[in-house]
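Following: one structure in structure tokens, then a few remarks.
The values are calculated or read from the model by the stated rules, or taken from the named source; none is laboratory data. Because the structure is predicted, anything quoted here is derived from the model rather than measured. Cβ: placed from backbone, ideal geometry, glycine included. Neighbour counts: every protein chain shown.
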Amino acid sequence: MERNYNTLAQKYNRGSASSIPWPASYWPIYQDSINYRWKPSEGSPAEKYARAFGQDVKTFMDKVSVVNGIDGWTNRKKCTTELDCMSLKDGSRCAKREGKSSGYCIPGWFGICHAWAPAAYMEPEPKCDVTKNGVTFRPFDIKGLMTAVYDGVQLPTVFTGARFDGPDEPKNLDKYGRYQDAARRDIGAGFFHIALTNIMGKFKQSFVVDVTAGAEVWNQPVRSYEVVRSELMDPSRASMQYFGTQTYPFNPSMVRLAYVKTRFSYMAEANEDGPLIPRRADTYTRTVEYEYFLELDSNNNIIGGEWLGLSRYKHPDFLWFPRTRPDLSAVSRIGLSYKEVRALLDASAACKPIGGPSPGPRPNPAPVPVPSVRPTGPSPVPGPNTVPTSGFCRVFITPQEE
């Protein structure tokens, strides 16, 4: 894992994923996840799957609702209209299962973005309609089914950074304008730079970030980055300019200090059917700029860092990636077979009829070493984990609705 500032600047000043992650829905809980009939004239992805693969439709959809949808949140306030939820002031919608006149107030950003984000770059994008046992699956259906698979199977992951659970107010800043809560201040800028330039710059792999430092969790797959400015600064001058101090107030092991501004792009959600990569990739790409100091030792190795300016408050909270795809024999908590869904996806991606031999093993992404660096904030502790659950995702408005 490369952590030398000079080497990273010379070799990995920019990077992108080997394939662009595909946009898709985060399948909001208030819409009952993949039970949602996104195309009113057809069944939902869950209904189609049950019909095509011989499962009882009602039983399967009830299970979806309990695990990923409305029936899993019956402890929330009951409602019949949106007005019933306004007093909660948390973005709740009155979520009602199809055919029901009442439901529960569920925040609109609750969903399974933590499953869409890795699926979007670990699996090829479905492109064409596929018919199985008389049931036609659209690309958007298949994206939903694959997202639900990634939510419901156990995958070993690398996870680093401490999730900040709130509250967002009061902000509680120190005298340098930084969050006092270490979990809100991380992920450290130095660790972020090493991870980004190695995972994506060196190994050409995407990964998942929670793009906000606050309590809400927005898991998004990373598309690309570019270091647009990078220069060594006199530590005393930099300290006076940014912190109003004669000497650098943080990492005492710092010998040199580098200012960096990085342009960072990730994929947003979409409620649009059909193949979106590459023709619609830019429509669903979101780009932000981060500025930060990198703390260097005498050999210009990165040993920490500090967020600067607005990046102190708007930076990734944590990052993670699965080590592997699901095993071909994996079955999710709601009864989705990865083998069956992948057969649909492979046929759709190739625009060929489903059938023939069972899908063979698809190579997993190349292993990515985990960076090791001593940051000024809480030490990241990467290691095997399961896919983060209880995803919280913002509502995404398609261009047609803006």
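Looking at the range 27-42, is at least one residue polar (S, T, N, Q), over 30 Å from residue 199 (Cβ atoms) and either in a helix (DSSP H, G or I) or within 20 Å of the chain's Cα centre (by Cα) (or both)?
Yes: the range 27-42 contains one or more residues that are polar (S, T, N, Q), over 30 Å from residue 199 (Cβ atoms) and either in a helix (DSSP H, G or I) or within 20 Å of the chain's Cα centre (by Cα) (or both).
Is it the case that some residue within the range 291-299 is surrounded by fewer than 22 Cβ atoms within 10 Å (Cβ to Cβ), out of contact with any helix residue (DSSP H, G or I) (no Cβ under 7 Å at 6 or more places or on another chain) and under 23 Å from residue 219 (Cβ atoms)?
no
Within the range 52-109, track down each residue that is in contact (Cβ under 8 Å) with a residue 12 or more places away in the chain and of a type in the set (Asp, Glu).
71, 82, 84, 90, 98 - these are the residues of the range 52-109 that are in contact (Cβ under 8 Å) with a residue 12 or more places away in the chain and of a type in the set (Asp, Glu).
Residue 310 fails exactly one of the following numbered conditions: (1) at pLDDT below 95; (2) within 21 Å of the chain's Cα centre (by Cα). What is the number of that condition?
So the condition that residue 310 fails would be (2).
Quick one: residue 20 ticks every box in (1) touching a residue at least 12 places away in the same chain (Cβ under 8 Å); (2) β-branched (Val, Ile, Thr); (3) part of a helix (DSSP H, G or I) except a single one, so which number is it?
Going through the list (1) touching a residue at least 12 places away in the same chain (Cβ under 8 Å); (2) β-branched (Val, Ile, Thr); (3) part of a helix (DSSP H, G or I), residue 20 breaks only (3).
Among the strands (runs of 3 or more DSSP E) contained in the range 186-300, which hold 2 or more residues that are under 27 Å from residue 176 (Cα atoms) and of a type in the set (A, V, I, L, M)?
Because the criterion is at least 2 residues that are under 27 Å from residue 176 (Cα atoms) and of a type in the set (A, V, I, L, M), the strands (runs of 3 or more DSSP E) in the range 186-300 that meet it are 219-233, 256-267, 285-296.
Checking the structure you have, find out if any residue of the range 24-35 is touching a Phe, Trp or Tyr at 6+ places or on another chain (Cβ under 6 Å), buried (at least 24 other Cβ atoms within 10 Å of the Cβ) and under 19 Å from residue 206 (Cβ atoms).
Yes, that holds for at least one residue.
Can you list residue pairs whose Cβ atoms sit under 6 Å apart, with the first residue in the range 193-214 being of a type in the set (D, E, K, R) and the second being modelled with pLDDT of 95 or more? Count only pairs 6 or more apart in sequence or on different chains.
202/12
Of all residues in the range 66-118, which are among the charged types (D, E, K, R) and over 25 Å from residue 332 (Cα atoms)?
76, 77, 78, 82, 84, 89, 90, 93, 100
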